[in-house]
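Structure, as structure tokens:
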Amino acid sequence: MKGLFYGLRGKEISLILIVLTCTTILIWAWDRTPLLATFLPPKNRLLQLPQDILSGGPPTRSTPIDSEIHVNKEIATFPENETVNHQEGRPFNIAAPTDPESLQAPAQKKEIPPGVAEKEAKQEQTFEAEKSSTAENPTILTESEGYNNLTSGEKKLEQEQSAGIVSPADFANISSSARGKACNYAKGKWVVEDRRPWYSGSTCKQWLSSMWACQLMQRNDFAYEKLRWQPKDCELEEFEASKFFRRMQDKTLAFVGDSLGRQQFQSLMCMITGGEERPDVIDVGQEFGLVKPRGAIRPNGWAYRFPSTNTTILYYWSACLCDLEPLDIKNRATEYAMHLDRPPAFLRQYLHKIDVLVLNTGHHWNRGKLKANRWVMHVGGVPNKNRKIAEIGGAKNFTIHSIVSWVNSQLLSHPQLKAFYRSISPRHFVNGDWNTGGSCDNTTPMSIGKEVLQDESSDHSTGSAVKGTGVKLLDITSLSQVRDEGHISRYSITASRGVQDCLHWCLPGVPDTWNEILSAQI
């Protein structure tokens with residue numbers, strides 16, 4: 001070392017010391033001075049890879065620094081927007097998207113089509129206007145929130161409809177539901193459609209009683225089969241047997257009611273089989289106690305199972321929807337206690353096996369029927385003493401409210417159950433009743449009307465009974481009221497001469513529409 005320094009002159013040593021000193025000062029100043037750090041490239045630029053490369057996609061151009069700053073500014077506004085988003089009752093998110101991928105800054109600014117950009121700009125202006133007016137009128141925010149939420153939801157539905165994921169009918173129903181308005185299937189009009197009916201009344205012999213198959217009678221005008229019900233503010237999805245079976249996979253649908261309920265049951269059996277013979281369908285009536293008693297003309301009902309989907313469809317006859325109990329089981333001519341406040345024993349015993357329940361009653365509530373059937377009104381286990389209930393109208397109303405209340409009380413313990421109460425099917429007797437020369441000779445569809453515009457059900461008793469309960473109203477009264485030409489009329493093969501059937505319907509016919517609406521609501 002000494003030799004090294006001895007070989008250097010004094011000036012050279014001084015120069016080396018100066019260089020070392022300056023270098024030390026420069027390094028120290030570099031770390032201490034922020035301004036000098038700007039001359040270095042940012043560390044994150046060296047470490048960050050474009051998203052397309054990370055995802056395995058084709059490489060794209062590097063994003064300019066100014067666009068990254070713009071993105072960062074937008075992200076910086078999220079907390080402010082979140083404050084707005086947490087206002088009471090706010091159902092939609094204006095701030096950052098919740099999708100993890102969309103939370104990352106994109107490597108390249110995406111191009112927005114002109115139409116979409118226009119739409120989004122308009123929505124943004126609308127929101128800003130609504131936000132600024134909130135202070136003056138707080139209710140405006142609540143109303144506009146639903147609109148904005150619907151807009152984004154309907155966009156997605158429109159895309160799914162365009163892609164074929166959602167059918168037009170389903171889109172209309174979902175869209176109506178998204179607006180907070182359940183589809184009122186009872187409001188609308190009848191239109192002609194040549195594709196009807198869903199089955200042939202002359203071939204559906206396995207399920208359809210001959211007394212209701214007008215194709216097998218002397219009637220030769222069948223224009224009533226070519227009508228379709230079209231709700232006013234929404235679409236009624238087209239009935240498809242395959243769709244019905246998918247919805248009813250491993251489930252049981254039960255109709256419980258009078259002969260009109262039996263017509264609806266037979267209509268559905270023809271609809272889901274296309275009226276074709278089905279030897280694979282199993283009679284499972286015994287599982288539900290539906291066997292023909294000794295001396296009876298027919299059992300109290302029928303139950304059939306479709307093995308491919310394990311779907312069971314059944315009907316149980318209960319004309320009054322209340323419990324009937326013989327007062328003297330040893331006497332064949334005994335009277336029956338008509339327990340108005342007690343559900344039929346069948347429902348108490350088998351409700352746990354039912355997934356969809358459709359109830360109805362109505363036309364057996366008259367003095368003649370009660371007397372012929374030897375039914376005596378009971379309430380609370382004893383003969384009724386209440387004069388208001390003793391009146392036929394009062395008794396029917398009391399019973400309807402009673403059965404609906406009982407079913408509603410069972411919904412919590414039977415979470416699988418969807419319960420419907422079908423409103424009354426109208427009669428069309430003119431110039432008398434069934435036994436006094438009443439008739440319904442009209443054969444022209446929609447001659448007394450084709451449109452229903454009222455919002456409330458014409459069956460006020462049923463409408464008030466289901467209100468506020470978990471039992472849904474299957475409202476078919478008004479839409480059936482304008483179809484007087486669809487009855488069996490004078491072509492009945494079982495009635496006496498001069499007696500017309502203006503109560504039951506030709507099948508195929510109006511009850512098929514009841515089942516279309518039911519299927520849409522299941």
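The values are calculated or read from the model by the stated rules, or taken from the named source; none is laboratory data. In this text, all values refer to a predicted model and were calculated from it rather than measured experimentally. Here the Cβ positions follow ideal geometry from the backbone for every residue, glycine too, while neighbour counts run over all protein chains shown. We work out accessible area using only protein heavy atoms, side chains counted, and drop any ligands, DNA or RNA first. Shrake-Rupley method; radii C 1.70, N 1.55, O 1.52, S 1.80 Å.
Listing for the model above:
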{"read-out": "Inter-residue pairs, beta-carbon under 9 Å, first free of Cβ contacts under 8 Å to residues at least 12 places away in the same chain and in the stretch 325-354, second assigned to a strand (DSSP E or B) and among the hydroxyl-bearing types (Ser, Thr, Tyr), 6+ apart", "value": "326/336"}
{"read-out": "Leading residue by the ranking (modelled with the lowest pLDDT) among those in the stretch 291-325 that are within 25 Å of residue 399 (Cα to Cα) and open to solvent by 50 Å² or more (accessible area, probe 1.4 Å)", "value": "300"}
{"read-out": "Some residue of the stretch 251-261 being under 19 Å from residue 200 (Cβ atoms), in a helix (DSSP H, G or I) and at pLDDT 95 or above", "value": "no"}
{"read-out": "Any hit, the stretch 272-284, residues being more than 18 Å from residue 474 (Cα to Cα), touching a helix residue (DSSP H, G or I) at 6+ places or on another chain (Cβ under 6 Å) and open to solvent by less than 50 Å² (accessible area, probe 1.4 Å)", "value": "yes"}
{"read-out": "Filter result for residue 246 (open to solvent by 10 Å² or more (accessible area, probe 1.4 Å), farther than 25 Å from residue 484 by Cα, in contact with a helix residue (DSSP H, G or I) (Cβ under 9 Å, 6 or more places away or on another chain) and basic (Lys, Arg))", "value": "no"}
{"read-out": "Sole exception among (1) touching a Phe, Trp or Tyr at 6+ places or on another chain (Cβ under 6 Å); (2) open to solvent by 40 Å² or more (accessible area, probe 1.4 Å) for residue 438, by number", "value": "(2)"}
{"read-out": "Single residue of 496, 480, 458 found to be at pLDDT 90 or above and either open to solvent by 30 Å² or more (accessible area, probe 1.4 Å) or assigned to a strand (DSSP E or B) (or both)", "value": "458"}
{"read-out": "Some residue of the stretch 411-434 being of a type in the set (Asp, Glu), in contact with a Lys or Arg (Cβ under 9 Å, 6 or more places away or on another chain) and under 23 Å from residue 227 (Cα atoms)", "value": "no"}
{"read-out": "Index of the failed condition, residue 431 passing every other in (1) among the polar types (S, T, N, Q); (2) open to solvent by less than 20 Å² (accessible area, probe 1.4 Å); (3) at positive phi", "value": "(2)"}
{"read-out": "Output for the stretch 499-515, where each listed residue is open to solvent by less than 20 Å² (accessible area, probe 1.4 Å) and within 23 Å of residue 273 (Cβ to Cβ)", "value": "505, 506, 507, 508, 509, 510, 511, 512, 513, 514, 515"}
{"read-out": "Scope the stretch 452-507; condition of a type in the set (Asp, Glu) and under 22 Å from residue 231 (Cα atoms); matching residues", "value": "455, 456, 459, 475, 484, 485"}
{"read-out": "Residue count, the stretch 249-271 (criterion: open to solvent by less than 10 Å² (accessible area, probe 1.4 Å) and either among the β-branched types (Val, Ile, Thr) or within 17 Å of the chain's Cα centre (by Cα) (or both))", "value": "2"}
{"read-out": "Positions within the stretch 381-420 being open to solvent by less than 60 Å² (accessible area, probe 1.4 Å) and more than 37 Å from the chain's Cα centre (by Cα), in sequence order", "value": "381, 384, 390"}
{"read-out": "Residue pairs meeting the criteria (Cβ under 8 Å; at least 6 apart or on separate chains; first among the charged types (D, E, K, R), in the stretch 506-521; second in a helix (DSSP H, G or I))", "value": "512/267; 512/271"}
{"read-out": "Contacts under 6 angstrom Cβ, first residue in the stretch 435-457 being in contact (Cβ under 8 Å) with a residue 12 or more places away in the chain and within 14 Å of residue 501 (Cβ to Cβ), partner β-branched (Val, Ile, Thr) and surrounded by 13 or more Cβ atoms within 10 Å (Cβ to Cβ), 6 or more apart", "value": "439/430"}
